[in-house]
1. Of everything in the stretch B:287-340, what is in a loop (DSSP other than H, G, I, E, B), without any contact (Cβ under 8 Å) to a residue 40 or more places away in the chain and within 11 Å of another protein chain (Cβ to nearest Cβ)? Give them in sequence order.
2. Just the residues that are more than 19 Å from residue B:117 (Cα to Cα) and surrounded by fewer than 17 Cβ atoms within 10 Å (Cβ to Cβ), please, taken from the stretch B:35-63.
3. Kindly evaluate residue B:422 against the criterion of being away from chain A (no Cβ under 13 Å), farther than 22 Å from residue B:334 by Cα and either buried (at least 20 other Cβ atoms within 10 Å of the Cβ) or in contact with a strand residue (DSSP E or B) (Cβ under 6 Å, 6 or more places away or on another chain) (or both).
4. Out of A:272, A:221, A:210, report the one residue that is assigned to a helix (DSSP H, G or I), within 14 Å of chain B (Cβ to nearest Cβ) and either closer than 26 Å to residue A:34 by Cβ or modelled with pLDDT of 90 or more (or both).
5. Please verify whether residue A:255 is within 14 Å of chain B (Cβ to nearest Cβ) and without any contact (Cβ under 8 Å) to a residue 40 or more places away in the chain, treating the condition exactly as stated.
6. Residue under question is residue B:129, and the condition is that it be part of a loop (DSSP other than H, G, I, E, B), touching a residue at least 12 places away in the same chain (Cβ under 8 Å) and surrounded by fewer than 16 Cβ atoms within 10 Å (Cβ to Cβ); does it hold?
7. Take residue B:438 and decide whether it is touching a strand residue (DSSP E or B) at 6+ places or on another chain (Cβ under 7 Å) and within 12 Å of another protein chain (Cβ to nearest Cβ).
8. Looking only at helices (runs of 4 or more DSSP H) that lie completely in the stretch A:85-199, which have at least 1 residues being within 14 Å of chain B (Cβ to nearest Cβ)?
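The values are calculated or read from the model by the stated rules, or taken from the named source; none is laboratory data. Note that the coordinates shown come from a computational prediction; the quantities given were computed from them, not determined experimentally. Cβ coordinates were reconstructed from backbone atoms using ideal geometry, including for glycine residues, and neighbour counts include every protein chain displayed.
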C-alpha cells in the first residue's frame, strides 16, 4: 500500500462513515449543537491519531505484538485481537446498515433486501478476500469521482442551507453535548484505522496524515452544519444525511434527481470501507487463531453480517438503537484499553531500543579504545 | 566405411521421405561419388535453386577431375548461396527439407542451402489498425520480413532476438524480441520458460502462444498485448516490454500488458497531445457507455425512474406505452437481435451485406417497433452502446459479455445492482496482473510519472522516463547517457 493510497483510504473512510445516519441520530438529542459534538470527537481523535502515529513509528522498528522467544503471541494479545476484530466487525456493520438503509428504503421502494443483500454480501466478501492491496487500489480508482460527488452534494446542500443555525455561539449547550459524548463513539476512533492502515503503508508522513484528517473532518463538519441548516428541527426525522442533503436543491428544477448519481457514487466509498473493515476483522482473527485458515474466518464474518442484517437490523428504528448502544460501549472499552496497552508497549519498546542502542554504542567505544 | 555411411544417410533420408510425393530427390554422379539433392519444390525459390545449386553442380559434374575434397569444394566454390552450413544429424536434415532448404547429401553429411521461397503477401497497412497519420506498414505472415521491419526501426546491438521452435508437427518458429538492459530479466525468463514448456502438435497463429502466455484459467480480460503494426511493436519493446513474433501470423504479441494499452491508439503519438487526450477521454467514456448504458436504462425504467427529469420521463413513457413486455426482456431481445446481425454480417459475403442491413435495420427494427414488440428508446440505447463498443476494438469480446451481464443485473436489481456489480468488476481488474505488472496501472496503483501517457497525454518531450513497471534498470528515455549499442 502506497502512502497516497493510505491518505485516500483514510479520507474516504472517515467521511463515508460519518455522513450517513449519525448526524440524524445526533440531531435527535442535540439539535443544532450536533456539530459541536462532532468537533469534540474530532479533537479527541486528532490527539489519538498523533499517538497512533507514534505507536506506528515504534511498531516499524520492533513488532511488540510478537513475543521474541517462540514467535507466538501471548494470550493477552490474542484476546485483544479478538476484541479488535469484533470492533471492526461492528464498524463494518455500521457501513452495511447504512448501505442497506439507503438502497432498500431511500433510493428504492422497499427492495426485498433478504434476497438482494446477497449481492452486496458477495461484493464485500470478494473485496475483503482480495486483500488490502486491491482494496486500496479500488479506493484509488474511485477517489476522484467519489470526491467530486461529495463536493457536488456539499454544493447542492449549501445552496439551501441556512448557516446561521450555528449562531449565536453563546447558545451552545456544552453540558448537554458533553453528556452524550460516549453515546456515538462507535462512529469515531479513527486512530484505529490509521493504525491498521499505517501498518500496511509505506513512508506515510505525519504532515500529510494530519492534513488528510483535518480536511476530512472539516468536510464532515461542513456537511453536518449544512444538514442542520437545511432541515433545522426536522433534521432528526430524516434517516440519512447523504441522501437528504441535496433533496431540497433538486425540488422545482426540472432536471430530475441527478443528485442520486452522486449519492450512488459516494456509496461506493461505503461499500469499499465495509470490505476494508471485514478484511481487518479477518486479519485480526487469523492472527489470533493462526491454525484456522483466514478464508473460513471471512466466511464466518460475512455470514454473521448477513444474518445480523436480515434478522436483527432489518427493523431500523428500534433494534438498531440497541445495537448502537451496545456497540458504543464495547467500542469505547476496546479503544481505551487498546490505546493504553499499545502506548505503554510502545514506550517500553522505545526505551528498550534506546538502551540497546546505547549499549551498542558503549561496546563500540570500548572496542575502539581497546584497539 | 565412408561409402557405407553415405549410403546409409541418403538411403535413410530416401526411406523416410518415400511416402511424401512432394519431396524431390535429384541424383548426380561426380566421378565416383554420388550426390543427392533433396528439396520440396513448392517451398523453394526455383530461380535461386536452378541458378545457385543445379547449374553449378551440373557444371561440376561435367568438369570435375577428381572427387577429392568434393564437399568443401561444393560448399565454398560451387554453390552460390549465402549462409550454407553442414549437417550430419538426420533429424535436422529432414526438418530442413521440410522448412524449405535444399539438402545436398554426400558422404556422411549434408550441405544445407536455405532457399526458402514461398509466395508471400507484401507489406500493407493492416485493415484493423488504419491510421490517418503515422507509419502504414503492417506485419505479414513471413517471420523474416517481420524481423526486418523491426530491425529497420531498432538499429541497436542491445536488441536481442531469441528463436524457439514450437509444435510437434508444425515446428513453428517463434522469435522473442527484447532490449537488453531495458526489459525486465524476470519477464524475459518467464516468457522463454513458458514458450519452451509448450508441448503441442501445432502452432497455427500467434493466438496459440497468447493463450499459453495468459496463464489464467478464466481468460477474461486479455493480459497479452497484440499488434499488427511494427511501429507500435517497436515502441512497446523500447518501453521495456518483451515482444513475440510467430511465423505464419501477422499479429505480434507483447508482454506485460495493461488495460490502458487498449485505450491508447497508434495515432495518439502522431497527433497533438490535446487531441490525443480528447480522444482518450472519449474512448474511456465510450467504454463505460458501452457496458453500462443498457443496464442503467433498464434500471431507471424498472426501478429508479424518479431520477429522470419529468419532461424526459413523459416522453419516455409515451414511447413505451402499450408495450407488453418488461424493460429487461425488451432490451435483451434488442441486444440478441444486434448480436445475431453482427455475427451474420461478419460471416456473410460482402455482396449480401447491403441486403442484411436492410433486413436488419428496416425490416426487423421498424417492424418490431410498429408491432409494439420493442420500443424506439431501446433501439437507440442498444445502438449507442453498440457503436461505443467499437471505440475500443480490442476489448469487444469482454465488453459484449459485460454489457449483457450488467443489463440483467440492472433489470433485476436496479442501480444498486449496477453499482455493486461494477465494484466487483473493478476489484477483479485491480487484483489481476500481467507478468507482475498491475493491470490497472498507472491509475490503480497510481504512478504519477506514468500518468503522462494515461488520460492526459503529455508531449513526447515530457515523457523522459520509461513506464515504471516495464523497464528494468535503464528507465531514462531522454537526456540519459549515450549508448554505443
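1. So the first thing to find is which residues in the stretch B:287-340 are in a loop (DSSP other than H, G, I, E, B), and the list is B:303-304, B:308-309, B:321-326.
Still in the running and without any contact (Cβ under 8 Å) to a residue 40 or more places away in the chain: B:308-309, B:321.
Passing the criteria: B:308, B:309.
2. Listed by number, the residues that qualify are B:56, B:58, B:59, B:61, B:62, B:63.
3. So residue B:422 does not fit the description; no.
4. Details: A:221 fails: within 14 Å of chain B (Cβ to nearest Cβ); A:210 fails: within 14 Å of chain B (Cβ to nearest Cβ).
Result: A:272 is the single residue among A:272, A:221, A:210 that is assigned to a helix (DSSP H, G or I), within 14 Å of chain B (Cβ to nearest Cβ) and either closer than 26 Å to residue A:34 by Cβ or modelled with pLDDT of 90 or more (or both).
5. Details: within 14 Å of chain B (Cβ to nearest Cβ): yes; without any contact (Cβ under 8 Å) to a residue 40 or more places away in the chain: yes.
Against the criterion (within 14 Å of chain B (Cβ to nearest Cβ) and without any contact (Cβ under 8 Å) to a residue 40 or more places away in the chain), residue A:255 qualifies.
6. Criteria not met by residue B:129.
7. no
8. On the way: elements: A:113-130, A:132-160, A:174-179.
In the stretch A:85-199, A:113-130, A:132-160 are the helices (runs of 4 or more DSSP H) which contain 1 or more residues that are within 14 Å of chain B (Cβ to nearest Cβ).
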